[in-house]
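The values are calculated or read from the model by the stated rules, or taken from the named source; none is laboratory data. A quick note: this is a predicted structure, and the numbers were derived from the prediction, not measured. Please note: Cβ atoms are built from the backbone with ideal geometry, for glycine as well, and neighbour counts cover all protein chains shown. With ligands, DNA and RNA removed, areas are computed over all heavy atoms of the protein, side chains included. Shrake-Rupley method; radii C 1.70, N 1.55, O 1.52, S 1.80 Å.
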Amino acid sequence: MTDRNDADERSADETPSIAPGALADRLRSDDSMTVLDVRDRDEFERWHLAGDGVEAVQIPHMKFVQAQATGDVTDLVSDLEEPILAVCGHGEASAHAVGLLREAGIEARNLAGGMDAWADLYVARELDVDAPATVVQYDRPSSGCLAYAIYSGGEAAVIDPLRAFADRYVAAADERDAEIRYAIDTHVHADHVSGVRTLAERTSAAAVVPVGATDRGLTFDAATLEDGDELHVGDATLTAMATPGHTTESISLRLEGGDSGILFTGDALFLEGVGRPDLERGDAGAAAAARRLYESVRDRVLVQPNGMTISPGHYSDAAEPRADGTYAIRLEALRDRLATLSMDEDEFVTHTTNDLPTRPANHERIVAANLGLEDIDEETAFELELGPNNCAVAE
């Protein structure tokens, strides 16, 4: 498991570097930082480091090579505030740039392993909740994707697993002497390649998807969940609750416990907004989907106990984590935080269909892969899902 508290380090060539885990901590703390991206422009525009306090600047590595020959390195970065974090794809070109900058007396460090290592960072944290189970939240900081593992009585279920990290879930279950019984998707994801089939292949787990996924063209064998269905994991019970709108088949999963329990909302409801309604049926179907989402939030989610812990499937830079780094919030606090939850239907529809962010990169191919309509290898899958998820309508 990658340690999110990795300290600054030196790479093999002794270039002062920061590890991806330490970078995640700094981004959460909103420390000011200039990120110097030395990749080509198209790579930078497709995906780059962002966040409060981050100024991202692209200067291709070739310019540093040229400046090394002419002695004009300082001129390249004369307008940039220090400290500087240099990044590239694998951490090699940026290490060269950092070496030149430091020789010129400029405070700079390299992102160890580059953007590939950043995309490969996956952090596990236990949720502090009152439930007859241990709940672990998995966080991919590069995209804001969240997954969950529920452990009880020697059994486990994984909610919204990422295929890229299937081995992590298996290893974690082995460490806890738990058998993974279920690998569950809350909906057909458009931002990452699902791990439900991979976990089913590598363990005795059942792949579980919402029943509506069959209407969207599901081609692989999977158990299906509809509203009110239950899954038992040791002494814990997960109950499916239909919450369509982001997609037609979307469900949330309620874990009973204490006075209130936990609601895993997938992409229906986030800490900073609600799910966007245009990914499945485009702009033409967005308004109708938004009305369904409004009904889901009003009639299914907001009627839950105020003490219910809302645990979403994603987060963005606008989300505020708990002090322990987890992304979850009690429903009563979320009501106070999100003006969206007090809108009337027409306001809600207007808000969720206007000025939407760019759709997740490669979302059509990712959806096809998650339905089993297209087979893609691991390298292609990793490339397809790089970048922010953009599945939320934030306030």
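This table checks each residue for (1) among the aromatic types (Phe, Trp, Tyr); (2) farther than 30 Å from Asp30 by Cα; (3) in contact with a helix residue (DSSP H, G or I) (Cβ under 7 Å, 6 or more places away or on another chain).
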{"residue": "Ala319", "(1), (2), (3)": "no, no, no"}
{"residue": "Asp324", "(1), (2), (3)": "no, no, no"}
{"residue": "Arg330", "(1), (2), (3)": "no, no, no"}
{"residue": "Ser342", "(1), (2), (3)": "no, no, no"}
{"residue": "His351", "(1), (2), (3)": "no, no, yes"}
{"residue": "Asn354", "(1), (2), (3)": "no, no, no"}
{"residue": "Thr380", "(1), (2), (3)": "no, yes, no"}
{"residue": "Glu383", "(1), (2), (3)": "no, no, no"}
{"residue": "Asn390", "(1), (2), (3)": "no, no, no"}
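Report every pair of residues separated by at least 6 positions or lying on different chains whose Cβ atoms are under 7 Å apart, first residue within segment 379-395 and more than 21 Å from Glu280 (Cβ to Cβ) and in contact (Cβ under 8 Å) with a residue 24 or more places away in the chain, second among the aliphatic types (A, V, I, L, M) and open to solvent by less than 50 Å² (accessible area, probe 1.4 Å).
From segment 379-395, the pairs are Leu386/Ala119; Glu395/Leu338.
List pairs: first in segment 320-349 and among the acidic types (Asp, Glu), second assigned to a helix (DSSP H, G or I), Cβ under 8 Å, 6+ apart or cross-chain?
Note: pairs meeting the criteria are Glu345/Arg291; Glu345/Tyr294.
Every residue, every condition in (1) crowded, with 19+ Cβ neighbours inside 10 Å; (2) among the aliphatic types (A, V, I, L, M); (3) touching a Pro at 6+ places or on another chain (Cβ under 6 Å); (4) modelled with pLDDT of 95 or more, yes or no:
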residue	(1), (2), (3), (4)
Ala207	yes, yes, no, yes
Ala213	yes, yes, no, yes
Thr224	no, no, no, yes
Glu230	no, no, no, yes
Thr243	yes, no, no, yes
Thr247	yes, no, no, yes
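Of all residues in segment 95-106, count the ones that are without any contact (Cβ under 8 Å) to a residue 40 or more places away in the chain, in a helix (DSSP H, G or I) and open to solvent by 30 Å² or more (accessible area, probe 1.4 Å).
2
Identify all residues within segment 251-270 that are at pLDDT 95 or above and touching an Asp or Glu at 6+ places or on another chain (Cβ under 7 Å); write none if there are none.
Hit for segment 251-270 is Gly266, nothing else.
Give me the pairs, please: first residue somewhere in segment 42-69 and under 16 Å from Glu92 (Cβ atoms), second residue anywhere and in a loop (DSSP other than H, G, I, E, B) and open to solvent by 30 Å² or more (accessible area, probe 1.4 Å), beta-carbon distance under 7 Å, and either six or more positions apart or on two chains.
So the pair list comes out as Pro60/Asp40.
So how many residues does segment 337-356 have that are over 13 Å from Leu302 (Cβ atoms), of a type in the set (A, V, I, L, M) and open to solvent by 40 Å² or more (accessible area, probe 1.4 Å)?
Going through segment 337-356 one residue at a time, the tally reaches 2.
Name the residue, out of Val188, Val158, Val193, that is out of contact with any strand residue (DSSP E or B) (no Cβ under 6 Å at 6 or more places or on another chain), surrounded by 20 or more Cβ atoms within 10 Å (Cβ to Cβ), closer than 30 Å to Arg330 by Cβ and of a type in the set (A, V, I, L, M).
When all the criteria are applied, what remains is Val188.
Give Glu92, Glu82 a once-over and let me know the one that is modelled with pLDDT under 95 and either open to solvent by 50 Å² or more (accessible area, probe 1.4 Å) or not hydrophobic (A, V, I, L, M, F, W, C) (or both).
Sole residue among the options that is modelled with pLDDT under 95 and either open to solvent by 50 Å² or more (accessible area, probe 1.4 Å) or not hydrophobic (A, V, I, L, M, F, W, C) (or both): Glu82.
Only one of (1) outside any loop (DSSP other than H, G, I, E, B); (2) among the β-branched types (Val, Ile, Thr); (3) open to solvent by less than 20 Å² (accessible area, probe 1.4 Å) is not met by Thr326, so which one is it?
Exception for Thr326: condition (1).
Which strands (runs of 3 or more DSSP E) does segment 107-211 wholly contain that include 3 or more residues that are farther than 26 Å from Leu279 by Cα?
So the answer is 108-111, 123-126, 134-140, 145-152, 155-159, 179-184.
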